[in-house]
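The values are calculated or read from the model by the stated rules, or taken from the named source; none is laboratory data. Just so it is clear, the structure is predicted and the values come from calculations on it, not from any experiment. We place every Cβ from the backbone using ideal geometry, glycine too, and count neighbours over all the protein chains shown.
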C-alpha cells in the first residue's frame with residue numbers, strides 16, 4: 001500500500017500560490033514601473049511647457065525694455081539666449097531643466113526709431129514707420145519715406161545664388177522663409193546643412209484673411225488688422241508686422257541615458273492697445289448725463305442701432321482708477337451697455353468704488369432703453385474691481401516742417417494740408433494762428449469763424465505749440481486723409497453744430513488728439529460741438545469734459561473725465577483693441593498677440 005502524505009499536497013499548493021503571487025508581483029512592479037515612467041514623462045512634458053513659457057516671459061521683457069545684455073545678437077534682427085534652470089524646484093526624480101529663447105526683429109543699439117524726414121539715413125539703419133520695421137538698403141537721395149522701395153525694404157530679399165549669407169540671415173524661397181545656420185554662398189533652401197525653416201505659412205493672394213490672422217511675407221510676420229483678400233503686406237491699411245519670440249523648454253529625464261522632452265512655443269507680438277476702454281480715467285469719471293454708451297466695430301462698417309444689424313454691441317468699458325475718492329466711477333442717469341471697472345475700497349467687502357442713480361444701468365441687454373430698463377438695472381457680473389487705464393509716453397514730434405506759407409503761423413481762412421494717396425504723413429509745426437485777418441495772433445491752432453476751415457487731404461501730423469481751439473471754425477478730414485494732432489495747451493471746442501472736427505473717413509483711428517497739458521480743472525479742456533466726432537482723445541494729465549448732446553465714435557482717455565448735464569451718445573469702437581499702435585509719436589509696450597505650440601517638426605526653428 002502506497003503511503004501519501006497530505007503535507008506534500010499542501011506544499012505543492014503553497015508553491016503554486018507563491019509562484020502565482022511572484023508572477024503577479026513581477027507584473028505589478030513592471031506595470032508600476034511603466035506607469036511611473038509615463039507619469040515622469042507627463043510631468044516632464046508639463047515642466048517643458050512651463051520652461052517654454054518662462055522663456056517667452058524673458059523674451060517679452062527684454063523686447064519691451066530693449067535690454068539684451070547677455071544675449072547673443074545676430075544681424076540686428078535676432079537675439080538668442082540659453083537659460084539653465086535649477087532642477088531643485090522640480091522634485092527629486094533627477095530631472096534637469098533648460099530653456100532656449102530667440103527674439104526675432106529685436107531692437108539693439110541700432111534700434112528702430114520713428115522715421116523722420118530730417119535725418120540722413122545710412123545703409124542698414126532701422127526705422128519704425130506706420131507699424132512696420134524697415135531696413136535702409138540704399139542711402140535715400142532726399143526725404144523718401146520707408147514706403148519707397150528704392151531705398152527701404154520691410155525684410156530681406158528673396159534668396160539669391162550670389163548673396164553672401166551669414167548665420168541669422170533670413171531669405172525667402174518657394175513661398176517659405178528660411179534662416180541661415182552656416183555661412184555660405186549659393187546653397188539653395190531648404191538645404192538642411194545651411195538653412196532651417198522659419199515657417200511654412202506664406203501670404204497668399206487667394207486667401208481671405210480675417211482680423212488677427214498672421215501671415216509671412218518677405219520673411220516678416222504680419223498681423224491682419226482689416227479683413228480682406230489680395231492685399232499684400234506691407235500694405236499698412238491691412239497689415240502690421242509682428243515681432244516674434246520662439247522659446248523651447250527642455251526637461252531631461254535620467255532614464256534611458258537622458259530622455260529630453262521638448263516643447264517649443266512661438267509668440268507673435270503686437271503693440272498693447274492704448275484705448276481698451278470707451279472711457280478711461282486715471283482718476284475719476286463723473287457722468288451726470290442722460291445719455292448712453294455702447295460699442296461697435298468700425299472694421300465691419302458704420303455704427304447702426306437698427307435691430308436688424310449686428311454692428312452694435314455691449315462691449316464698452318468705463319474705467320476709473322482713482323483710489324483716493326469714494327467713487328472712481330459715478331453714473332447719474334447714464335446707461336452703459338457694457339462694463340464698469342472701478343478700483344476697490346480698502347475695507348471689506350472691498351466693493352468697487354462706483355455709484356449709480358435709480359435711472360442708470362449697466363447691462364448687456366441691447367433691448368433695454370431708458371423707458372424699458374433691464375432687470376436688474378445693474379448687472380453685477382459687469383461691474384469689476386480691475387480697471388486698466390494705460391498710460392503711454394507721448395514722444396516729441398520729430399521731422400516737423402513749416403506750413404505752406406513758409407512759417408509756423410497758420411493763415412486766417414481756408415487751408416488745405418496733406419496729399420491724397422501719400423505714402424508718408426506730412427508733418428507740420430504750428431505755433432500760432434492769425435485771427436481776424438492778421439490783426440490778432442493766437443497761440444497754437446485756433447479757428448475762430450466759419451471761414452476758418454482746415455482741410456486734411458492726406459496723412460498729416462500736426463505739432464501744435466499752444467492751444468487747440470475751434471470757435472465756429474472747423475477741421476475737415478477728407479475721405480483720403482488722416483490726422484494726428486499733438487498739442488501742449490488747452491483743448492477748446494465751443495458749442496455749435498458746425499464747428500469742431502469732421503472726420504469723413506468715419507474711422508476713429510484716423511483722428512488722434514493727444515495733449516501733454518497738465519491743466520487739470522473743470523473747464524480747462526472741453527469738446528462742446530454737436531458735430532459728430534470720430535476719433536480718439538488722449539490727455540493723460542488733464543481734465544476733459546463735454547457738456548452738449550453730442551455724438552462720439554471712438555474712445556477717450558484722460559486723467560479725469562466729466563459728462564455734465566448732457567444727453568451724450570458715445571459709441572466705442574472695439575477695433576481699437578486690436579488696431580496696434582494708434583499714434584506715430586505715442587510709445588507703448590508690446591504684448592503677446594498669439595501663442596502657438598509648434599508640434600509639427602517642420603515648423604520648429606533652430607534655437608541655441
*Is at least one residue of region 83-102 at pLDDT below 80, more than 15 Å from residue 250 (Cβ to Cβ), touching a strand residue (DSSP E or B) at 6+ places or on another chain (Cβ under 8 Å) and buried (at least 17 other Cβ atoms within 10 Å of the Cβ)?*
no
*asked:* Checking residue 501 against (1) under 24 Å from the mean Cα position of the chain (by Cα); (2) in a strand (DSSP E or B); (3) surrounded by 24 or more Cβ atoms within 10 Å (Cβ to Cβ), only one condition comes out false. Which one?
replied: (1)
_Considering only residues that are surrounded by fewer than 24 Cβ atoms within 10 Å (Cβ to Cβ) and modelled with pLDDT of 90 or more, which ones fall in region 538-551?_
540, 541, 542, 543, 545, 551
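Only one of 308, 302, 316 is at pLDDT 90 or above and assigned by TED's automatic domain parsing to the domain that holds residue 482. Can you tell me which? Walk me through it before giving the result.
Working: 308 fails: at pLDDT 90 or above; 302 fails: at pLDDT 90 or above.
The unique qualifying residue is 316.
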_For region 330-344, give me each residue that is more than 20 Å from residue 574 (Cβ to Cβ) and either at pLDDT below 90 or assigned to a strand (DSSP E or B) (or both)._
330, 331, 332, 333, 342, 344
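Name the residue, out of 574, 530, 566, that is within 22 Å of the chain's Cα centre (by Cα) and closer than 29 Å to residue 299 by Cα. Explain how you work it out, then say what you get.
Details: 530 fails: within 22 Å of the chain's Cα centre (by Cα); 566 fails: within 22 Å of the chain's Cα centre (by Cα).
Going through 574, 530, 566 in turn, just one is within 22 Å of the chain's Cα centre (by Cα) and closer than 29 Å to residue 299 by Cα: 574.
Between 512, 506, which is assigned by TED's automatic domain parsing to the domain that holds residue 409, touching a strand residue (DSSP E or B) at 6+ places or on another chain (Cβ under 9 Å), touching a residue at least 60 places away in the same chain (Cβ under 8 Å) and part of a loop (DSSP other than H, G, I, E, B)?
From the options 512, 506, the qualifying one is 506.
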*Consider residue 558 against the criteria (1) in contact (Cβ under 8 Å) with a residue 40 or more places away in the chain; (2) touching a strand residue (DSSP E or B) at 6+ places or on another chain (Cβ under 7 Å); (3) surrounded by fewer than 20 Cβ atoms within 10 Å (Cβ to Cβ): it satisfies all of them except one. Which criterion is unmet?*
(3)
*Got a number for residues in region 276-298 being within 17 Å of the chain's Cα centre (by Cα) and surrounded by fewer than 24 Cβ atoms within 10 Å (Cβ to Cβ)?*
2
*All positions within region 411-434 that are touching a residue at least 60 places away in the same chain (Cβ under 8 Å) and in a strand (DSSP E or B)*: 427
*How many residues are surrounded by 15 or more Cβ atoms within 10 Å (Cβ to Cβ), closer than 30 Å to residue 249 by Cα and touching a helix residue (DSSP H, G or I) at 6+ places or on another chain (Cβ under 8 Å) if we restrict to region 572-599?*
2
*Does region 348-361 contain any residue that is assigned by TED's automatic domain parsing to the domain that holds residue 572, part of a loop (DSSP other than H, G, I, E, B) and under 24 Å from the mean Cα position of the chain (by Cα)?*
no
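Consider region 345-376. How many of its residues are touching a helix residue (DSSP H, G or I) at 6+ places or on another chain (Cβ under 8 Å) and either at pLDDT below 90 or on the phi > 0 side of the Ramachandran plot (or both)? Lay out the reasoning, then the answer.
If we filter region 345-376 for residues that are touching a helix residue (DSSP H, G or I) at 6+ places or on another chain (Cβ under 8 Å), which is where we start, we get 362-364.
Filter again for either at pLDDT below 90 or on the phi > 0 side of the Ramachandran plot (or both), leaving none.
Of the residues in that region, 0 qualify.
Hey, does region 301-309 have a residue that's more than 24 Å from residue 589 (Cβ to Cβ), out of contact with any strand residue (DSSP E or B) (no Cβ under 6 Å at 6 or more places or on another chain) and in contact (Cβ under 8 Å) with a residue 40 or more places away in the chain?
Within region 301-309, the subset more than 24 Å from residue 589 (Cβ to Cβ) is 301-309.
Cutting the leftovers down to out of contact with any strand residue (DSSP E or B) (no Cβ under 6 Å at 6 or more places or on another chain) gives us 301-302, 304-309.
With in contact (Cβ under 8 Å) with a residue 40 or more places away in the chain added as a condition, the list becomes 302.
Yes, that holds for at least one residue.
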*Matching residues in region 446-473 - criterion: being within 13 Å of residue 500 (Cβ to Cβ) and crowded, with 21+ Cβ neighbours inside 10 Å*: 447, 452, 454, 468, 469, 470, 473
